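As structure tokens, the structure follows; a few thoughts come after it.
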Amino acid sequence: MSICEVVVNYEKLLFYTIFIQRPLMSFKVIKSSFLHTIQDYGRINHGEHGISQSGAMDEHAYCWSNYLLANHSNDAVIEITFGGLVLESQINTFVALTGAELDFKINDKPVQMWLGVQIHKGDILSLDNLKSGIRSYLAVKGGFDTPVLFDSRSVNLREHIGTELIAGDVIPCKKYSEIAYRIMPKKYIPNYKQDIVLRLLPTYQFNDFDIKQRDLFFKQDYSITNISDRIGCRLNGTPIMSKKKQMISEGISYGSVEISTDGLPIILLKDAPSIGGYPKIGTVFTLDLAKLAQRQTNAKLRFELIDIPQAQKKRKKFNIFFKINT
């Protein structure tokens, strides 16, 4: 092969590489405020490497957003926190918005949430004026095609995996001209203003809290403090005490309820670290954590026990319906 042939072939390779890797012009971020990120179901199998689970905070709303568009259960969506997002569609496709109630408009015309909607190139989507809840989920047919890191597209700012959306960003996805819509019964649309009960699976440290302390834990109403984010939710109430004053840090899971040194609970959420050193009275049933993800500061909650077989039955039913395979 001559030098000229090598140069020509290299130029062809460079051309094809640039062509393949060039992102599709799909959605352009016109306005972004506070915290809007790409999330999918999360990084389920990387805890042993010290990587958080991440993923959509409200599993219920996230799964419905993909279901309405007949997407895969792990397709990436935009998690919109407190509203304040404006997008321009650069393709013809379909979207669905679920979760926290916002004024959802396309070209300044109100659009219904919890429903598949067709959009066209040049349409302006505005998602603003939060009415209830915290987090909304914008799904697009086929999912957003952002980079995969550690088997997930989910952004985790604490671990510097991905970045939040800012004005000027372009979010790629595929275009669609036809879709088979799915309908969601209204009874499954949550009321985010109601007080909630979180069902708790006791941990092996459950008996490190004596009966009197456990009774106090389950019989009181806690309130959500303003120290609450994707890492964890701190609660306010009457303190309880553990028999153990100190312990060595150990592995922790999504939903663990740690009792801090001040005697108050911290519920660990999607971006929590993989180890911790506080005693844990139990772990919140995963499906209830979706409710917690939508409660604002000062909202009230209580805990009650649930046994493992009951939790497994409910979890299995949910996973089968949404075709979740973890």
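The values are calculated or read from the model by the stated rules, or taken from the named source; none is laboratory data. Remember, predicted model here, so these are calculated numbers, not experimental data. FYI the Cβ positions are ideal-geometry reconstructions off the backbone, even for glycines, and counts take in every protein chain you see.
Some notes on this structure:
- Residue in segment 104-111 that is under 13 Å from the mean Cα position of the chain (by Cα), in the same structural domain as PRO147 (by TED's automatic domain parsing) and either farther than 16 Å from ARG230 by Cα or among the basic types (Lys, Arg) (or both) present: no
- Residues that are over 22 Å from the mean Cα position of the chain (by Cα) and polar (S, T, N, Q) within segment 294-326 comprise just one, GLN310.
- In segment 285-307, the residues that are over 23 Å from CYS63 (Cα atoms) and assigned to a loop (DSSP other than H, G, I, E, B): THR297, ASN298, ALA299, ILE306, ASP307
- Filtered residue count, segment 242-265, keeping only those that are under 20 Å from LYS212 (Cα atoms) and touching a strand residue (DSSP E or B) at 6+ places or on another chain (Cβ under 8 Å): 7
- Qualifying residue in segment 224-235 (condition: outside the structural domain of GLY42 (by TED's automatic domain parsing), assigned to a loop (DSSP other than H, G, I, E, B) and at positive phi): no
- Within segment 171-193, the residues that satisfy the criterion of being surrounded by fewer than 13 Cβ atoms within 10 Å (Cβ to Cβ) and not basic (Lys, Arg) are SER177, GLU178, ALA180, ILE183, PRO185, TYR188, ASN191.
- Residue within segment 8-24 that is surrounded by 13 or more Cβ atoms within 10 Å (Cβ to Cβ), under 30 Å from ASP128 (Cβ atoms) and modelled with pLDDT of 95 or more present: no
- Pair list, Cβ < 6 Å and 6+ apart or interchain, from segment 147-165 residues that are basic (Lys, Arg) to residues that are part of a loop (DSSP other than H, G, I, E, B): ARG153/ASP40; ARG153/ALA76; ARG153/THR146; ARG158/ASP271
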